[in-house]
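Q: Below are the C-alpha cells for one structure; questions will follow.
The values are calculated or read from the model by the stated rules, or taken from the named source; none is laboratory data. In this text the structure is predicted, and so the values were computed from the model without any measurement. Reconstructed Cβ throughout: ideal geometry from the backbone, glycine too, with neighbour counts over all protein chains shown. Side chains are part of the model used for accessible areas, which takes the heavy atoms of the whole protein and leaves out ligands, DNA and RNA. Shrake-Rupley method; radii C 1.70, N 1.55, O 1.52, S 1.80 Å.
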Amino acid sequence: MNLILLGPPGAGKGTQAKILTKKYEIPQISTGDMLRLAVNEQTPMGIKAKEFMDAGALVTDEVVVGIVEERLAKTDCVNGFILDGFPRTVKQADALKHMLQSFGKSVDHVISIAVDQEELLGRISGRRTCRNCGRGFHLLFDPPRTAGKCDECGGELYQRDDDSAETMRKRLAVYEEQTAPLISYYAKESLLRTIDGIGSIENIQQSLLCAIEGSKDDHP
Ligand code: AMP
C-alpha cells in the first residue's frame, strides 16, 4: 500500500504513521526526519537545509525530491510506504507521480488529517523529541515517565527549534499557501479522504484505518 499522510505541522502525521508502519509492515518516510538527520550529521545538504528549516520555510523541491527518490528505490519500499511530510508542494506531487510511474507504482490513498490552527499552536508548544532516537512526546498528551528523558532509550528530550510559537505561525502560513492546494490536487485524482484530527491517538488511528479500508463510517 502506497499511502500519503497530508496535514499541517502538528496534525499527528508522524504519530499515526508510526502506528501504521507496524500494522502494515511498510516504512514511514518522513522528509522532516531525514532532513533533521542530515542537519545533525552536518552534511552539505543538512547545512543548507537548516537555514530554511529554522526559518519555518520549505527546503527546495529539488533537494527534497532527490532524497525521496533515493529512499523509495530501497528494497524495504517494495510492498509499500507511508509518506509523512511529502509532498508539500504541487511541484513535489508532480515529481512523485512521475517517479512512481518510473517504478511502475502509483499512490493508493491520500489521507488529509484536519486540525484547526488554534489547536495546532497549543499542541506544538508541548511537543518534545528525543535527541537520541527521535521518539516524540507531548508534555500534556503523551508525557515521558521521567521528565526530560526518553522512555525508550533514556535520551535527552528537547524542543525542536522550529516548534517555537513564531516559527510555528510561519510554518502554518507556509502550509496554507503551498501545501493545502494538494487537498484539491488529490481530490481531483479521487485519492483523497479527510479525517478529523482532533481526539485521542487511538480514535484518530481508527478513523485512518476506516479511511484506508474504505469504511462508510468515515467522512469522505
Ligand atoms: P516536518 O518534521 O515534516 O514538520 O518538517 C520540518 C521541516 O523540514 C519543514 O518545516 C521544512 O523546512 C522541512 N521539510 C520537511 N519536509 C519537506 C518537504 N516535503 N518539502 C520541503 N521542506 C520540507
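Q: May I ask you to verify whether residue 80 is free of Cβ contacts under 8 Å to residues at least 24 places away in the same chain and more than 10 Å from the ligand (Cβ to nearest atom)?
A: Taking the combined requirement at face value, the residue does not satisfy it.
Q: Of the conditions (1) open to solvent by less than 50 Å² (accessible area, probe 1.4 Å); (2) at pLDDT 95 or above, residue 25 clears all except one; give me its number.
A: (1)
Q: Answer yes if at least one residue in segment 109-118 is at pLDDT below 95 and more than 17 Å from the chain's Cα centre (by Cα), and no otherwise.
A: Within segment 109-118, one or more residues are at pLDDT below 95 and more than 17 Å from the chain's Cα centre (by Cα).
Q: Is segment 53-76 home to any residue that is in contact with a strand residue (DSSP E or B) (Cβ under 8 Å, 6 or more places away or on another chain) and away from the ligand (no atom under 14 Å from the Cβ)?
A: no
Q: Oh, and also: So which of 49, 55, 11, 38 is open to solvent by 20 Å² or more (accessible area, probe 1.4 Å) and either hydrophobic (A, V, I, L, M, F, W, C) or over 24 Å from residue 128 (Cα atoms) (or both)?
A: After applying the criteria, what remains is 55.
Q: Oh, and also: Tally time: how many residues in segment 84-108 are open to solvent by less than 40 Å² (accessible area, probe 1.4 Å), closer than 21 Å to residue 173 by Cβ and not charged (D, E, K, R)?
A: 6
Q: Which fully enclosed strands (runs of 3 or more DSSP E) of segment 109-220 have 2 or more residues being open to solvent by 40 Å² or more (accessible area, probe 1.4 Å)?
A: 109-114, 127-130, 192-196
Q: Does residue 107 satisfy the criteria of being away from the ligand (no atom under 13 Å from the Cβ), more than 20 Å from residue 34 (Cα to Cα) and of a type outside the set (Lys, Arg)?
A: So residue 107 passes the test.
Q: Here's something else I'd like to know. When segment 23-38 is examined, which residues are found to be in a helix (DSSP H, G or I) and near the ligand (Cβ under 9 Å from one of its atoms)?
A: Passing the criteria: 31, 32, 33, 34, 35, 36.
Q: How many residues are within 11 Å of the ligand (Cβ to nearest atom) and modelled with pLDDT of 95 or more if we restrict to segment 135-180?
A: Here the count works out to 4.
Q: Ok, one more. Kindly list, by first and then second residue, each pair from a residue in segment 19-46 that is more than 19 Å from residue 87 (Cβ to Cβ) to a residue that is small (Gly, Ala, Ser) and not in a helix (DSSP H, G or I), limited to pairs with Cβ atoms under 8 Å and residues at least 6 apart or on different chains.
A: Listed by first residue and then by second, the contacts come to 24/80.
Q: Would you tally the residues in segment 58-72 being surrounded by 15 or more Cβ atoms within 10 Å (Cβ to Cβ) and among the acidic types (Asp, Glu)?
A: So the answer is 2.
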